[in-house]
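K.L.:
Pasting in a structure now, in structure tokens, and then I'll have a few things to ask.
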Amino acid sequence: MVEYELLIDGDGREGEATLSVTNPATGESLGSVAKGTREQAREAIAAAARTKDEWASAAPSERTAALTTVADELEAVAGDLAYLLAEETGKPLATAEGEVGEAIAQFRFYAGVTDKVRGDTVPTPDHRFNYTKRVPYGVTAHIVPWNYPLLLGTRSIAAALATGNTLVVKPPSQAPLATMWVCELLVEATPAGVVNVVPGSGSEVGDELASNADVDAITFTGSVGVGQHVLSAAAEHITPVDVELGGKAPAIVLDDADVENAARGVVQGIFSNNGQNCVATSRLVVHESLHDELVSRILEKTERITLGPGTDPETDMGPVITDSALEEMLAYVEGATAEGATVIAGGKRPDDPALEDGHYLEPTIIDGVTNDMTVACEEIFGPVLSIITVDSTAEAIEVANDSRFALAASLWTDRLEATQLADDLDHGLVAVNSFPVSMPQSPWGGNKESGIGREGGLEGVEAFTTVNSVVVEFDEMEDPYL
Ligand code: NAD
């Protein structure tokens, strides 16, 4: 059993209670984290505020050393950390290992950025000199979701630390353990008060982080509804917010696509991480000429998926995060049938008695969906693929863009004009002949209701800094009002 305390001003603290963490594959308890209060969130913010000038003026080499130390330490425990992550989220071990690897890569990427955050000189008339500096915001709040807590948490944490900000992190309540492990290492590697961590309820700790006047910038990754709340709470003090929200990504398969390659990508794009990806390609938009062949290949690959606990190396797909999430998914499937679509795979809990204690949903495919049906409009956030058939490239692009979400899209075609078609897709991330992927050096973020701002890559530097402009006048002032 793993137990973690709050981390405030370099010390462990007890909370008002504890949050118990269960394994979604078995319902068994894995451990607990201290549950912080609103008052403790304020203490954490105060600690981060006291330390912000010291960390902002630390030599870049000091920040590089801290990030590199944590990356090295994570590498040494990567296997155990991935196992814990697979246990608490239910994701397959290979996915958890990939996530830990990505977290390490992000620490290394941003460790290399600390001495490259530069301002500019601005062309002006000769009697003036104008330069700009990129400066950290100060205290940054990081509100993290459960589906990729390490990948997403460390992306913003590493960028914020590298650029000289201090932090208050709120890990997700469903799966906080791996994040706490990483944050303990960060606390040890940095001066007291630079990294503070307060697990707790969203409506108390999360809300305090979003509304506190001493928080200088917020990064939130999660659902649209909570993101809207965070934006309105932050508006009170005009606090800048980067919001990374939900998605309903289309996988567009055009009539010239390599069908086998597309089938491979579509199956991974929807069913990886147990279907709980913000960029899950949950709408397959396929040209009618390829529909039958593509669907038969997708079905054949889907039948090979082995369900089980993420920690079993044989598992391809684990449980979804909670029983209530599973119930919602089953209701979506039922609703699709009522609206006239046809379930052609899954759509129910598995029959296997060995899986009855977990929140499992069979990989589910629904054909005959139109883009106005509920399953095509709402984010299901589980292993449910909706198939929409179109008869032209123009219709495919139109359907792909006809969504309130605009996080990611994948486009399957061998046409040379793929990059022109990518320009026509109003989505923050477009992948050509791949499902959407995350890389430390690459920006990440969505359009429309999928978010505001970009994290990752050098855009992550912009996300956690602001530009101050200095103008020097060389001429003497004219005597005014003569
Ligand atoms: P969620 O919105 O329920 O919770 C996200 C975080 O917000 C959690 O830490 C939660 O405790 C906190 N929170 C809850 N209520 C709050 C409040 N009132 N004030 C402040 N914070 C509060 O989302 P989730 O279920 O953890 O994650 C799934 C969602 O996240 C999906 O919609 C998914 O698409 C989205 N997501 C987006 C991206 C992206 O990069 N765009 C990545 C991963 C997940």
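K.L.:
Roughly how many debye, to the nearest 20, is the charge dipole of the chain about its Cα centre, given +1 on each Lys and Arg Cβ, -1 on each Asp and Glu Cβ, and no other charges? All intermediate terms of the calculation are to be shown ahead of the outcome.
P.N.:
Values: 28 positive and 78 negative charges, 127 e Å.
Approximately 600 debye in magnitude.
K.L.:
Given a Förster radius of 30 Å and the C-beta distance between Asn433 and Ser469 as r, what FRET efficiency does 1/(1 + (r/R0)^6) yield to the nearest 0.05?
P.N.:
Values: r = 43 Å, r/R0 = 1.43.
E(calc), rounded to 0.05, equals 0.10.
K.L.:
Could I ask something else about it? Counting each DSSP H run of 4 or more residues in the chain as -39500 (n - 2.57), what helix-only mean residue ellipticity at 222 nm follows after dividing by all residues, to the nearest 500 deg cm²/dmol? Intermediate values should be presented prior to the final figure.
P.N.:
Details: 14 runs with 179 residues, N = 482.
So the helix-based figure for the chain works out to -11500 deg cm²/dmol.
K.L.:
Taking a cut-off of 28 Å between Cα atoms, list the lysines near Lys52, but don't count ones fewer than 8 places away on the same chain.
P.N.:
Cross-link targets: Lys35, Lys116, Lys133, Lys170.
K.L.:
Also, I was wondering about something else. Of the heavy-atom accessible surface of the stretch 250-432 (probe 1.4 angstrom), what whole percent is carbon and sulfur?
P.N.:
Details: 3340 of 7310 Å².
Ligands and nucleic acids excluded, carbon and sulfur give 46 percent.
K.L.:
With just the Cα atoms of the chain, tell me how far they stretch along each of the three principal axes, in Å, largest first.
P.N.:
Extents along the principal axes: 80, 58, 39 Å.
K.L.:
Let me ask you something else. Percent antiparallel among DSSP beta bridges with both residues in the stretch 1-101, to the nearest 5? Write down the numbers at each step before the final one.
P.N.:
Values: 9 of 12 bridges.
If I count the DSSP bridges inside the stretch 1-101, around 75 percent turn out antiparallel.
K.L.:
Moving on. Does the stretch 1-108 come out rounded, prolate or oblate by the C-alpha gyration tensor, with a ≥ b ≥ c the root eigenvalues, rounded set by a/c under 1.5 and, if not, prolate when a/b is larger than b/c and oblate if not?
P.N.:
Details: a/c = 3.02, a/b = 1.19, b/c = 2.53.
It comes out oblate by the Cα gyration axes.
K.L.:
With r defined as the distance between the Cβ atoms of Glu293 and Leu482 and R0 fixed at 56 Å, what FRET efficiency is calculated, to the nearest 0.05? Don't skip to the end; give the middle numbers.
P.N.:
Numbers: r = 84 Å, r/R0 = 1.51.
After rounding to 0.05, the efficiency reads 0.10.
K.L.:
Same structure again: Select from the stretch 257-312 those GluC sites (Glu not before Pro) which occupy a DSSP coil region and have at most 16 other Cβ atoms within 10 Å, ordered by residue number. Before the final figure, lay out each step's value.
P.N.:
On the way: sites: Glu260, Glu288, Glu293, Glu300, Glu303; in loops: Glu288.
Of the GluC sites (Glu not before Pro), the ones in loops of the stretch 257-312 whose Cβ has at most 16 other Cβ atoms within 10 Å are Glu288.
K.L.:
By how many nm would the segment from Asp426 to Lys133 grow when fully extended, if each residue of separation counts as 0.36 nm and the alpha-carbon distance is taken off?
P.N.:
Numbers: separation 293, 0.36 × 293 = 105.48 nm, distance 3.24 nm.
So the chain would gain 102.2 nm between Asp426 and Lys133.
K.L.:
Write down the accessible area per residue of the chain in Å², having rolled a 1.4 Å probe over the full set of protein chains. Mind dumping the intermediate values first?
P.N.:
Details: 19550 Å² over 482 residues.
Result: 41 Å² of accessible area for each residue.
K.L.:
Please check which bits of the stretch 301-329 a label hung off Ala94 would reach, taking the label as a point 7 Å along Cα-to-C-beta and the cut-off as backbone N under 20 Å.
P.N.:
Taking a point 7 Å out along Cα→Cβ of Ala94, the residues of the stretch 301-329 whose backbone N falls under 20 Å are 301-320.
K.L.:
Using 28 Å as the Cα-Cα cut-off, could you pick out the over-long pairs in Lys348/Lys448; Lys91/Lys301; Lys248/Lys301? All intermediate terms of the calculation are to be shown ahead of the outcome.
P.N.:
Details: Lys348/Lys448 32 Å; Lys91/Lys301 19 Å; Lys248/Lys301 22 Å.
Over 28 Å apart, Cα to Cα: Lys348/Lys448.
K.L.:
On the full set of protein chains, 1.4 Å probe, figure out the accessible area of Glu43 and give it in Å² to the nearest 10.
P.N.:
Accessible area of Glu43: about 70 Å².
K.L.:
Enter the Cα centre distance for the pair the stretch 359-431 and the stretch 221-278, rounded to the nearest angstrom.
P.N.:
11 Å
K.L.:
Whats the longest run of the chain with zero trypsin sites (Lys or Arg not before Pro) that are DSSP loop and have at most 14 other Cβ atoms within 10 Å? Kindly include the intermediate steps, with their values, before the conclusion.
P.N.:
On the way: sites that count: Arg118, Arg304, Lys348, Arg404.
Here the longest run is 119-303.
K.L.:
Follow-up question, since we're still on this one. To test your reading of the geometry: what angle, between 0 and 90 degrees and rounded to tens, separates the Cα axis of helix 38-56 from the longest principal axis of the chain?
P.N.:
Taking the Cα atoms of the chain, the angle to 38-56 is about 60 degrees.
K.L.:
Counting DSSP beta bridges in the chain, what percent are antiparallel, to the nearest 5?
P.N.:
Details: 30 of 69 bridges.
DSSP beta bridges in the chain are roughly 45 percent antiparallel.
The values are calculated or read from the model by the stated rules, or taken from the named source; none is laboratory data. Not measured: the values here are computed from a predicted model. Every residue, glycine as well, gets a Cβ built from its backbone with ideal geometry; the counts of neighbours run over all protein chains shown. We work out accessible area using only protein heavy atoms, side chains counted, and drop any ligands, DNA or RNA first. Shrake-Rupley method; radii C 1.70, N 1.55, O 1.52, S 1.80 Å.
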